[in-house]
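The values are calculated or read from the model by the stated rules, or taken from the named source; none is laboratory data. Computed from a prediction, not measured in an experiment: that's the story for all the values here. Ideal geometry is used to build each Cβ from the backbone, glycine not excepted, and the neighbour counts take in all protein chains shown. Side chains are part of the model used for accessible areas, which takes the heavy atoms of the whole protein and leaves out ligands, DNA and RNA. Shrake-Rupley method; radii C 1.70, N 1.55, O 1.52, S 1.80 Å.
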Amino acid sequence: MLKVKVVIGDMSEEFDRESSFGWLINVLANNAAKVLDTELKKHGLTIALWPTLMCLWEKEGVTQREIAQKAKVENSTTTRTLDKLENLGLVVRQTDPNSRRSFCIFLTDKGRALKEQLQPIAVGVNQEMLSVLERQERDEMIRILQKLVEQV
């Protein structure tokens, strides 16, 4: 978990919204989410379901806790998301053979089939957003963001 030390008083740097990492990354994330959410709604889904679907397309049979850790979301959020995905017929919960108190999550055929339809949309959103950058700039940005996400 990323820990933030807040220093009040002798601030050597003034806050400038237009050069604020948090503000800039939030603008980009909100824009990407809005565009992707619009496309997902055409398939009866929302952006809230996306992180869990991505995790399950990478590996099925994982627990809710593993999905939450991999998707970087709260366990309670994952519970609600799995409930919605189950109601849509996209996932099933099976008792975890290693623990009676947890479930392993699997995609249904319908959930697996969505991967071929939806991943190209996400790739397109990413490509469009990064299109103003040179290839080397894109690679460097992704590398830096991966490094930052590792700390979350």
Per the filter on region 55-70, residues open to solvent by less than 60 Å² (accessible area, probe 1.4 Å) and either charged (D, E, K, R) or not in a loop (DSSP other than H, G, I, E, B) (or both) are C55, L56, W57, E60, V62, T63, Q64, I67, A68
Please find, within region 10-62, the residue that is farthest from N126 (Cα to Cα) out of those that are in contact (Cβ under 8 Å) with a residue 24 or more places away in the chain and of a type in the set (G, A, S). G61
Selection from region 117-148 of residues that are more than 16 Å from A32 (Cβ to Cβ) and touching a residue at least 40 places away in the same chain (Cβ under 8 Å): Q117
Selection status of V73, at pLDDT 95 or above and crowded, with 16+ Cβ neighbours inside 10 Å: no
If a residue has to be surrounded by 12 or more Cβ atoms within 10 Å (Cβ to Cβ) and part of a helix (DSSP H, G or I) to count, how many in region 107-119 make the cut? 7
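Yes/no matrix, rows are residues, columns are (1) free of Cβ contacts under 8 Å to residues at least 24 places away in the same chain; (2) under 19 Å from the mean Cα position of the chain (by Cα):
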position	(1), (2)
Q69	yes, yes
N75	yes, yes
L88	no, no
T95	yes, no
R101	yes, no
K110	yes, no
E150	yes, yes
Every residue in region 55-92 that is basic (K, R) and either in contact with a Lys or Arg (Cβ under 9 Å, 6 or more places away or on another chain) or closer than 18 Å to Q119 by Cα (or both), please. K59, K70
Residue by residue through region 25-54, note down the ones that are part of a loop (DSSP other than H, G, I, E, B) and within 16 Å of A113 (Cβ to Cβ). K42, H43, G44, L45
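Conditions tested, residue by residue: (1) assigned to a helix (DSSP H, G or I); (2) open to solvent by less than 40 Å² (accessible area, probe 1.4 Å).
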residue: E18; (1), (2): yes, no
residue: R80; (1), (2): yes, no
residue: Q94; (1), (2): no, no
residue: I105; (1), (2): no, yes
